[in-house]
Amino acid sequence: MNNKERMELAQWASNFAIKKGATEAAISISRSRAVNIEIREQKLETIRESTENSLSLQIYRDNKYSGHSTNNLKKRQLEKFISEAVEATQYLSPDPDRTLPDPSLYPSDTSLDLGLVDPGHGQVTPEYRIETAMETEQLLRQSDMDILSTAAYFSDTASEGVRVHSNGFAGDWGSTFFRMSASLSVMDAGARPSGSFFAGQRFLNELPKPTEVAQNALEDTLKQLGQQKIASGRYTMILDNRIAGGLLWRLFQPMTARNIQQKNSFLDGMLGKSIASKHLTIIDDPLIKGGMASRLFDSEGIAARRRVMIENGVLNAWYIDNYYGRKLGMTPNGGSTSNIIMGYGNRNQKQILESQQRAIFVTAFNGGNANSTTGDFSFGISGQLIENGKVVKALNEMNISGNFKTLWNQLTETGNDPYPYSSMQSPTLVFSGVDFSGI
Amino acid sequence: MDRNFNRRDFLKTGGIAVAGTILMPSLLSGCMSGTQASSPLKYQLNDYLNHFGVTRKMIMDVLAEGLSRGGDYCDLYFQHNISNTVALEDNMVNRAFSNVSFGVGIRVISGEQTGYSYTEDITVSSMKSAAQTAANIANSNTRMKVLSLNEKTVPGYYKINTPWEEVSINDKIPFLQYMNDKVFSLSPAVEKVNVSFSDQTSYILFANSEGIIACDYQPMSTLSASCVAEKEGKREQNGYTSSGRQDVEFFSTSNLDRIAKEAVDSTLLLFDAVVPRAGEMPVVLAAGSSGILLHEAIGHGMEADFNRRGESIFSDKIGKKVAESFVSIVDDGTTPNNRGAINIDDEGNDVQKTYMVENGILTSYLHDRISSKHYGVEPTGNGRRESFRHMPLPRMRNTYMLDGPHEKEEIIESVKYGIYAESFTNGQVRIGPGDFTFYVKQGYLIENGKMTRPIKDVNIIGNGPRVLSDIEMVANDMEMSESGWTCGKGGQGVPASLGQPTVKVSKITVGGVNA
């Protein structure tokens with residue numbers, strides 16, 4: 001089935017739902033095909049091929065709402081599926097805010113090409129995938145560390161789909177994604193640290209070379225040799241750009257309209273006010289050509305647009321979806337994150353680290369959580385102790401704890417080094433006076 | 001109002017289950033054999049064959065295709081999964097969701113190498129095509145033959161009386177509404193309430209090239225209530241979840257009242273919470289959900305795939321003393337109705353109660369088919385997968401510690417300054433270094449042998465083998481956690497459960513503030 005045929009099926013499904021009693025309906029149909037390769041000891045350890053189909057529908061019946069999905073796209077089965085979905089919806093409570101988005105929120109032009117598909121994807125051969133991963137794994141094995149195991153992975157995914165709303169929206173999309181990664185596990189005085197590296201890109205020719213993937217995985221492992229914990233205390237924290245997205249993510253959850261409406265956000269009441277130091281600027285831009293999270297419309301069909309979320313520490317906008325936007329009396333602007341661009345500073349990670357007298361360079365999170373209602377957080381970490389600009393110790397088994405209301409005000413610098421392999425292009429971040437617990 | 005359900009009530013109230021009968025045997029007209037059982041709970045193997053529209057001959061042909069390039073082993077995992085959720089927010093049951101997925105996964109093993117593919121279209125041609133893809137992992141002239149398929153009957157670790165497909169959405173709605181009203185009634189500080197109820201039913205048909213064919217019916221349900229409370233301008237949110245392989249009898253008044261009270265009490269407690277000191281201190285783990293310690297500190301590290309590759313910190317410790325002699329830790333697929341209970345594992349092996357640690361000695365890894373062959377031991381029934389789209393891996397089921405010789409009271413009295421950890425949201429482990437963490441949502445400070453002020457939102461981080469050897473006391477009050485734990489590994493989530501008696505660890509690093 002191609003997108004044209006999916007569009008016809010989606011239109012039919014939408015009409016069928018209306019015929020069965022729905023007031024409004026939204027239908028998405030998609031297909032995703034993926035191949036995953038894993039190489040160990042220069043042998044193909046795993047090959048996995050998958051093709052996944054999905055049809056999802058949202059039913060609005062007299063302001064009552066339900067959502068359903070199935071992987072069976074045969075019309076005869078769908079008739080029964082849709083009929084039952086429409087029937088079941090009638091038992092729910094009517095909710096005046098349950099409607100499709102106003103058509104004025106839909107994109108006026110859905111033909112714009114954001115460059116999300118690598119046209120060469122279909123030509124990627126099984127041999128190429130295997131050889132690339134083989135080469136990466138071979139490079140790992142050349143390390144002089146006491147190696148226990150090495151693995152390299154290659155995967156690629158091609159997806160496409162359509163979305164149709166009964167009140168006038170119709171759009172389609174396609175995307176490709178390529179991924180390389182490597183991991184190795186080594187013996188280190190009783191411990192068995194393992195390092196890894198992952199890189200993903202929409203275009204095959206933008207992926208790093210096997211040498212770079214292997215080198216990064218080796219460096220990640222080297223950083224972990226001799227890890228120990230040190231005394232609890234307040235330290236300057238340098239957060240590796242590779243993992244900073246993990247912390248930023250915790251800032252986005254309380255920025256959603258749902259969490260504001262449900263009184264579940266420590267940022268409630270802070271719109272237009274300062275929530276962070278002046279070094280924090282966050283721009284959400286879904287329209288970047290070839291961007292990892294680029295899109296013309298979001299999962300509700302709402303036109304994507306660039307949004308300045310936080311500017312020099314001031315909270316400018318919420319992530320507002322259709323339903324909670326209506327509840328709050330706010331115009332929906334898209335309820336989820338896309339590509340995250342930040343305010344970047346003047347120095348790279350190396351320069352930042354070399355300028356520290358005493359600091360902890362956090363290179364990995366290990367569990368932990370945050371409370372979006374109060375802003376409290378506590379995360380396990382590992383990393384390195386930096387003294388006079390030099391690494392003096394590898395650290396693990398420590399926690400950082402505090403509250404986001406103060407932490408983001410302790411941001412003293414951002415690097416000039418956005419991480420390229422994620423939709424969240426965070427630079428290295430520097431925070432002063434963070435509570436670390438160790439011994 | 002009597003909230004105790006019986007099956008007759010359901011059948012007379014009518015309505016549909018959102019996704020209930022969808023895609024069931026009507027799909028298969030023309031290939032039925034024998035008589036279809038009246039209830040899915042009475043399905044026999046033939047009913048499962050009919051349900052998926054396949055015959056033994058078709059299965060044997062596809063297995064042969066899977067082995068056509070010289071693989072040692074092939075299995076087929078047919079699954080039809082139906083899930084429904086109905087939820088309440090802002091005093092209204094104003095949303096419902098359903099999902100249906102249907103397909104077969106085909107795996108071929110050659111040595112320790114795996115080829116995997118699946119199809120959502122259960123026809124001979126689609127299955128053969130997927131089998132050819134999986135077959136490509138092998139390259140040998142040897143051809144294994146599948147001579148016949150013999151049914152393996154399974155035990156009943158989750159017998160239920162009413163299948164979820166027979167429970168309609170409008171039967172569930174009053175219970176969510178009741179829960180909402182109950183939560184609000186328990187405290188004037190409650191501002192917002194969320195209640196959700198999910199049920200899931202999985203029909204599974206399994207066959208492999210060793211001649212095993214088996215079927216299983218796996219139910220699951222989860223009820224969650226959470227609330228936001230406001231006091232003196234401060235807000236807190238917390239909740240409670242109860243989950244297991246159970247049916248509607250679970251909707252009893254006493255259960256609903258208990259869950260509502262847990263949700264409110266656990267939220268209100270947070271207003272008085274203080275932050276503990278940062279650093280190492282004694283930690284007392286409450287009976288029940290503290291089993292997350294075992295799941296992270298030892299369970300993952302004992303999964304045999306990590307060990308056969310030498311990656312786990314436990315790789316060289318089998319037969320060695322790792323804890324005091326009163327410490328015994330098991331992973332058990334047979335505990336009735338727990339989330340991790342399974343009648344048969346996802347690669348056709350019997351399920352058992354596996355001792356990982358017995359009287360302080362590290363005893364057995366958790367095996368899948370590949371690792372049990374690697375080590376030359378019997379499979380332990382830990383080969384599990386998220387769905388037909390995934391290949392099995394060694395996974396935990398229900399992990400718990402057996403009772404020890406101490407009393408809870410004496411354990412608490414033995415601590416001068418430390419914490420008592422009671423409820424948890426999540427945990428994680430790094431397999432090689434062995435450092436694991438879990439997040440304490442709520443607990444208490446212990447000061448001079450007494451539980452004093454509540455604490456909240458602190459992460460605990462320790463090293464698996466070190467923490468095991470630092471277990472100083474184990475009480476005799478083992479409890480299983482009823483929370484909806486889902487264990488993630490290699491991009492796959494599987495339901496699991498855990499439990500523990502009250503346990504004292506002499507020191508672990510607790511997140512907190514520095515004076």
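Rule-based calculations on the coordinates, nothing more; no lab input. These figures come from a predicted structure and were not determined experimentally. Using ideal geometry, Cβ is built from the backbone for each residue, glycine included, and neighbour counts are taken over all protein chains shown.
In the protein assembly as shown, the DSSP-assigned H stretches of four residues or longer account for a calculated mean residue ellipticity at 222 nm of -6000 deg cm²/dmol, using -39500 (n - 2.57) per stretch and the full residue count as denominator.
Applying 0.36 nm per residue to the separation of B:K159 and B:K145 and subtracting their alpha-carbon distance, the gain on full extension is 1.4 nm. Footprinting exposure proxy ranking of B:L76, A:L353, fewest other C-beta atoms within 10 angstrom first, gives A:L353, B:L76. Here the Karplus relation 6.51 cos²θ - 1.76 cosθ + 1.60, evaluated at θ = phi - 60°, turns the backbone of segment B:186-198 into coupling constants of 7, 7, x, 6, 5, 9, 9, 10, 10, 10, 9, 10, 10 Hz, with x for every Gly and Pro.
Between A:N15 and A:D62, the FRET efficiency from the beta-carbon distance, with R0 = 30 Å, is close to 0.95. Rounding to the nearest 10 and keeping the result within 0 to 90°, find how far the Cα-based axis of helix A:75-89 lies from the longest principal axis of chain A. Tilt relative to chain A: about 90 degrees.
Peptide A:254-266 is shielded by partner chain Cβ atoms: per residue, an average of 2 of them sit within 10 Å of its Cβ. Amide H contacts of B:A287 (H built 1.01 Å from N, in plane; Pro and chain starts excluded): B:T502 sit under 5 Å, all sequence-distant by 5 or more or on other chains. For B:H406, the amide hydrogen comes within under 5 Å of the amide hydrogens of B:V474, B:A475, B:N476, counting only partners 5 or more places away or on other chains and with H modelled in the peptide plane.
Ranked by the mean number of other Cβ atoms within 10 Å of their residues, highest first, the peptides B:297-306, A:76-85, B:447-456 come out as B:297-306, A:76-85, B:447-456. Label positions at A:V392 and A:S108, each projected 7 Å from the Cα along the C-beta direction, are separated by 6.2 nm. Label zone of B:K231 (point 7 Å out along Cα→Cβ, amide N under 19 Å): in segment B:154-189 this covers B:183-189. Note on A:K390: lysines with a C-alpha under 24 Å away, same-chain residues under 8 apart excluded, are A:K223, A:K229, A:K350.
Semi-axis lengths, largest first, of the ellipsoid equivalent to segment B:7-269 are 45, 21, 14 Å, with √(5λ) applied to each eigenvalue of the Cα gyration tensor. All Cα-Cα distances of segment B:218-349, cut into 5 Å bins from zero to the largest, leave 2, 7, 10, 14, 15, 15, 13, 11, 8, 4, 1, 0 percent in each bin in turn. Would you mind computing the Rg to Rh ratio of the protein assembly as shown from its alpha-carbon coordinates, Kirkwood style for Rh? On the Cα set of the protein assembly as shown, Rg over Rh gives 0.94. Across q = 0.09 Å⁻¹, segment A:227-439 modelled as identical point scatterers on its alpha-carbon atoms has Debye log10 I(q)/I(0) values of -0.36, in the order of the q list. Among A:G245, A:G161, A:G233, the residue with the largest mean-square fluctuation in a Gaussian network model of chain A, with springs joining Cα atoms closer than 10 Å, is A:G233. Evaluating kT/(6 pi eta Rh) at 10 °C and 1.306 mPa s, with the Kirkwood radius of segment B:279-510 over Cα pairs in the Stokes-Einstein relation, gives 91 µm² s⁻¹. Close amide-amide hydrogen proximity is noted between A:Y319 and A:T256, A:A257, each under 5 Å apart and 5 or more residues distant or on a separate chain (H modeled in the peptide plane; Pro and chain starts excluded).
Using every pair of separate Cα atoms, the Kirkwood estimate puts the hydrodynamic radius of chain B at 24.5 angstrom. Shape summary of chain A, radius of gyration then Dmax from alpha carbon positions: 24.3, 73 Å.
Karplus-based coupling profile of segment B:122-127, in residue order and whole Hz: 8, 10, 4, 5, 5, 5, with θ = phi - 60° in 6.51 cos²θ - 1.76 cosθ + 1.60 and x standing for Gly or Pro. Each residue of segment A:394-406 is assigned a 3J(HN,Hα), and the resulting list reads 8, 10, 8, 6, 10, 10, 10, 9, x, 10, 4, 4, 8 Hz, derived from the Karplus form 6.51 cos²θ - 1.76 cosθ + 1.60 (θ = phi - 60°), x at Gly and Pro.
Once you've got the Cα coordinates, tell me which of B:K450/B:K507; A:K263/B:K441; A:K263/B:K231; B:K159/B:K441 are over 24 Å apart. In this structure, B:K159/B:K441 lie more than 24 Å apart at Cα. Computed from the mean reciprocal separation of all distinct C-alpha pairs, what Kirkwood hydrodynamic radius does segment A:1-74 have, in Å? Roughly 14.5 Å, rounded to one decimal. Please give every one of the lysines within straight-line cross-link reach of A:K4, meaning a C-alpha to C-alpha distance under 27 Å, and leave out same-chain neighbours fewer than 8 residues apart. Within the straight-line limit of under 27 Å, A:K4 reaches these lysines: A:K19, A:K20, A:K74, A:K75, A:K80, A:K289. Neighbour counting of Cβ atoms within 10 Å sorts the residues B:F314, A:F16, fewest neighbours leading, into A:F16, B:F314. When the convex hull of its Cα atoms is viewed from all sides, segment A:198-288 shows a mean projected area of 10.2 nm². Projecting the Cα atoms of A:G115, A:I59, A:Q201 onto the dipole axis of segment A:3-222, where Lys and Arg carry +1 and Asp and Glu carry -1 at the beta carbon, places A:I59 farthest toward the positive end.
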